[in-house]
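For reference, the structure is listed below as structure tokens.
The values are calculated or read from the model by the stated rules, or taken from the named source; none is laboratory data. Remember, it's a predicted structure, so these values are computed and weren't measured experimentally. Please note: Cβ atoms are built from the backbone with ideal geometry, for glycine as well, and neighbour counts cover all protein chains shown.
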Amino acid sequence: ERGSHADYMAKEIDEQPAIAARILDDLVPHIADGSLWRSLEAPAFERIAVLGCGTSLNAGRVIARAFGALGGIPTVSVVASEASETILDPGTLILALSQSGETADILRALDQLEPVSAGLVAVTNNPASSVARRAASVVDCNAGPEIGVAATKTFVAQVITGVAVAVSALVATGRIDRSRAADLTDDLRRLPDLLAQALEVSKGVVPGIVDEVLDRSGFIFLGRGPGVVFAEEGALKLKEISYRWAEHYPAGELKHGPLALVDQGTPVIVVDNGDPRLASNLSEVAARGGRVITIGGAGSTIPAVGMSMSRPLVGGMDRWGPLEAVVPLQLFARELALRLGLDVDKPRNLAKSVTVE
Ligand code: F6R
């Protein structure tokens, strides 16, 4: 039931800190000793290919970055509907991400890829689903049922669960030592508070920002490094529920073409993970009259979220992603959609579970 919430999307966004805490209560004792990974009985691997669609693909990309940045594992991300077996080999473990576990593009891609891979680990919110049934190793991301068509809490649950699996795999396979795994686990434990803080701060400032951009038809989302996939997720949420055009780019690409889109008042939303090179990208936007909205970092429009340089980090969470930055992005999309009179739980043309290719 959505209780006192205006819509399921609001409820599901609000639940994120509590879901993060619950997932971590379950997983934390099994991360740094490698037992989470060993319990999956997954095969040995040299490389990781993450497979997914939409928001689940974005969650997979964050998890892939954790395998790569924390353990030096080569990773690729595969858009399920574009899967081709030529990218795989017997050393590649497939990590399939699917909230519903019923997405036809994933099932079809697994037919193609699994036979030429090391094996399959499925991360899903539905352990009784088709994807889960065909995987020997299944991780339940344990977000509870998600009613809003736009994925919110399941993104957060997939990322936390997947990064916990990554850290556990790295220690269980001897790629990092236990004390490093313990530091990385400490970073994960901070997420419930960071998500809660992001909610509180964002609820205060997002409505005012939306006021200023209500009449805009196009939005640009930028990030660098681990922030890029969050820019992508923010743009996806905006498109899905507000029906406004949104593009996302690695910020360094702006000057290679998309900068031509920027004119007086163009909203440019930036996930600021503290990369010093963002400043020159943003001054190029500002010089053309763009309306820069920054998430994270000192002096940002939406402060106290994102991997600001000032945050004391123990294990290097900044290397895989500013997870709490997704909160203002979700709230921004929802607020804009509501102000435009749209149904945020049931966007036009979309279904919660996509069972056709
Ligand atoms: C976005 C969204 C979709 C799904 C995609 C994959 O908010 O909901 O992009 O993420 O259709 O669905 P699952 O995760 O069920 O495979």
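Data overview
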quantity: Any hit, the range 103-114, residues being within 19 Å of Gly34 (Cα to Cα) and either within 17 Å of the chain's Cα centre (by Cα) or modelled with pLDDT of 95 or more (or both); calculated: no
quantity: Residue that is nearest to the ligand (Cβ to nearest atom), among those in the range 230-242 that are within 18 Å of Pro303 (Cα to Cα) and in contact with a helix residue (DSSP H, G or I) (Cβ under 6 Å, 6 or more places away or on another chain); calculated: Gly234
quantity: In the range 13-33, the residues that are surrounded by 15 or more Cβ atoms within 10 Å (Cβ to Cβ) and under 18 Å from Val123 (Cβ atoms); calculated: Gln16, Ile19, Ala20, Arg22, Ile23, Leu24, Leu27, Val28, His30, Ile31
quantity: Unique residue being surrounded by fewer than 18 Cβ atoms within 10 Å (Cβ to Cβ) and in a strand (DSSP E or B) when the list is Val76, Val50, Val123; calculated: Val76
quantity: Residues satisfying the stated conditions in the range 42-86, i.e. within 16 Å of the ligand (Cβ to nearest atom), β-branched (Val, Ile, Thr) and touching a Ser or Thr at 6+ places or on another chain (Cβ under 9 Å); calculated: Val50, Thr55, Ile63, Val78
quantity: Answer from Leu282, Leu254, Leu336, Leu329 - the residue that is at pLDDT 80 or above, under 27 Å from Ile19 (Cα atoms), more than 20 Å from the chain's Cα centre (by Cα) and not in a strand (DSSP E or B); calculated: Leu336
quantity: Unmet requirement for Asp177, which otherwise passes all of (1) out of contact with any helix residue (DSSP H, G or I) (no Cβ under 6 Å at 6 or more places or on another chain); (2) modelled with pLDDT under 95; calculated: (2)
quantity: Selection from the range 87-110 of residues that are away from the ligand (no atom under 11 Å from the Cβ), within 15 Å of Thr355 (Cβ to Cβ) and surrounded by fewer than 18 Cβ atoms within 10 Å (Cβ to Cβ); calculated: Arg108
quantity: Pair list, Cβ under 7 Å, 6 or more apart: the range 42-59 residue free of Cβ contacts under 8 Å to residues at least 60 places away in the same chain and more than 17 Å from Ala109 (Cα to Cα), other residue among the aliphatic types (A, V, I, L, M) and surrounded by fewer than 24 Cβ atoms within 10 Å (Cβ to Cβ); calculated: Arg47/Ile73
quantity: Check on Leu120, of a type in the set (A, V, I, L, M) and touching a Lys or Arg at 6+ places or on another chain (Cβ under 8 Å); calculated: yes
quantity: Restricting the range 314-338 to residues that are among the charged types (D, E, K, R) and farther than 13 Å from Leu238 by Cα, the residue that is nearest to the ligand (Cβ to nearest atom); calculated: Glu324
quantity: Helices (runs of 4 or more DSSP H) (entirely within the range 140-229) containing at least 2 residues that are under 21 Å from Lys11 (Cα atoms) and within 15 Å of the ligand (Cβ to nearest atom); calculated: 153-172
quantity: Checklist (1) at pLDDT 95 or above; (2) under 24 Å from Ala20 (Cβ atoms) applied to Pro267, failing item; calculated: (2)
quantity: Residue that is nearest to the chain's Cα centre (by Cα), among those in the range 257-279 that are surrounded by 15 or more Cβ atoms within 10 Å (Cβ to Cβ) and farther than 21 Å from Asp318 by Cα; calculated: Val268
quantity: Where Arg180 falls short, out of the listed (1) of a type outside the set (A, V, I, L, M); (2) crowded, with 18+ Cβ neighbours inside 10 Å; (3) under 30 Å from Leu336 (Cβ atoms); calculated: (3)
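Residue-wise test of (1) hydroxyl-bearing (Ser, Thr, Tyr); (2) under 27 Å from Pro328 (Cβ atoms); (3) touching a Phe, Trp or Tyr at 6+ places or on another chain (Cβ under 8 Å).
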{"site": "Glu12", "(1), (2), (3)": "no, yes, no"}
{"site": "Ala20", "(1), (2), (3)": "no, yes, no"}
{"site": "Leu36", "(1), (2), (3)": "no, no, no"}
{"site": "Pro43", "(1), (2), (3)": "no, no, no"}
{"site": "Pro90", "(1), (2), (3)": "no, no, no"}
{"site": "Ser98", "(1), (2), (3)": "yes, yes, no"}
